[in-house]
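The values are calculated or read from the model by the stated rules, or taken from the named source; none is laboratory data. What you are looking at is a predicted structure, and each value in this text was computed from that prediction instead of being measured. For neighbour counting, all protein chains shown are included, and Cβ atoms are generated from backbone atoms with ideal geometry for every residue, glycine included. Remember, those area values only see protein heavy atoms, side chains included, never the ligands or the DNA or RNA. Shrake-Rupley method; radii C 1.70, N 1.55, O 1.52, S 1.80 Å.
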Amino acid sequence: MSTAAVIDWRSLDLADGGRSLIEASAGTGKTWTIAVLYLRLLLERQLSPRQIVVTTFTDAAAQELRERLRGKLQWAVLRAIENLAGSNDTGSDEGSDGQWLRARWQHDAELRVRDLQRLRLALAEMDVAPVSTLHSLCRRILADHPFACGVAFVMGDMVP
C-alpha cells in the first residue's frame, strides 16, 4: 500500500484552472484544510466566494462545510482587526493559519486593510457561494446553462 506525500497547505499551488482533491479519513483535518485553502484563494488570488467551488457528498456535510468556511472568514476578520489595532499577541497556541496571516501582514499595513475589506465582502457573499453537494452543483450548472448543456429549460425532479 502506497502513501501519498504530505503537502503543506501553504505551499500548495493555487494557479488558474487548478483543482485540489482532499481525501483522508474522518477527523484528520480535511475541513480545516479546505477552509485555509479557501482563505488563501480569497486573499492571495483575490477570488470572490462566487468563484470558488467547494463540493462534498452529503447535504449535512455541505452545511457543515459552509458554516466552517464562514467561521474561518470571521476568525480572519478578527485577526485583521486585532493586527490593525496593534495587538501582536502571538500566543503559544497560534496555529499555522495564524502564523501565515501574521507573516502576510507583517510589513504591509495597506495589505492588511485590503485583506480586511476583501474578507468582509467575502462574508457578505457567503450565502451565494457554490458550497454544496456534487449533485446540487451539477443541477445548478444544468439550470444556469441549459443551451450549453443541451437540456430542457425546466428541470425535472431529482431521483434520490
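On the basis of being open to solvent by 50 Å² or more (accessible area, probe 1.4 Å), among the basic types (Lys, Arg) and either part of a strand (DSSP E or B) or within 28 Å of residue 137 (Cβ to Cβ) (or both), does residue 66 make the cut? Walk me through it before giving the result.
Details: open to solvent by 50 Å² or more (accessible area, probe 1.4 Å): no; among the basic types (Lys, Arg): yes; either part of a strand (DSSP E or B) or within 28 Å of residue 137 (Cβ to Cβ) (or both): yes.
Spelling it out, it is not the case that residue 66 is open to solvent by 50 Å² or more (accessible area, probe 1.4 Å), among the basic types (Lys, Arg) and either part of a strand (DSSP E or B) or within 28 Å of residue 137 (Cβ to Cβ) (or both).
For residue 104, indicate whether it is touching a residue at least 12 places away in the same chain (Cβ under 8 Å), touching a helix residue (DSSP H, G or I) at 6+ places or on another chain (Cβ under 9 Å), within 22 Å of residue 7 (Cβ to Cβ) and surrounded by 13 or more Cβ atoms within 10 Å (Cβ to Cβ).
Numbers: touching a residue at least 12 places away in the same chain (Cβ under 8 Å): yes; touching a helix residue (DSSP H, G or I) at 6+ places or on another chain (Cβ under 9 Å): yes; within 22 Å of residue 7 (Cβ to Cβ): yes; surrounded by 13 or more Cβ atoms within 10 Å (Cβ to Cβ): yes.
Criteria met by residue 104.
Kindly indicate whether any position in region 83-93 is surrounded by 13 or more Cβ atoms within 10 Å (Cβ to Cβ), among the aliphatic types (A, V, I, L, M) and at pLDDT 95 or above. Working first, answer last.
Keep residues of region 83-93 that are surrounded by 13 or more Cβ atoms within 10 Å (Cβ to Cβ), which gives 83-84.
Imposing the further condition that a residue be among the aliphatic types (A, V, I, L, M) reduces the set to 84.
Now narrow it down to the ones that are at pLDDT 95 or above: none.
No, region 83-93 contains no residue that is surrounded by 13 or more Cβ atoms within 10 Å (Cβ to Cβ), among the aliphatic types (A, V, I, L, M) and at pLDDT 95 or above.
Given 33, 55, which one is part of a helix (DSSP H, G or I), more than 16 Å from residue 123 (Cα to Cα), open to solvent by less than 80 Å² (accessible area, probe 1.4 Å) and modelled with pLDDT of 80 or more?
Criteria check complete, one pass: 33.
Go through region 12-69 residue by residue and tally those that are free of Cβ contacts under 8 Å to residues at least 12 places away in the same chain and out of contact with any helix residue (DSSP H, G or I) (no Cβ under 9 Å at 6 or more places or on another chain).
16
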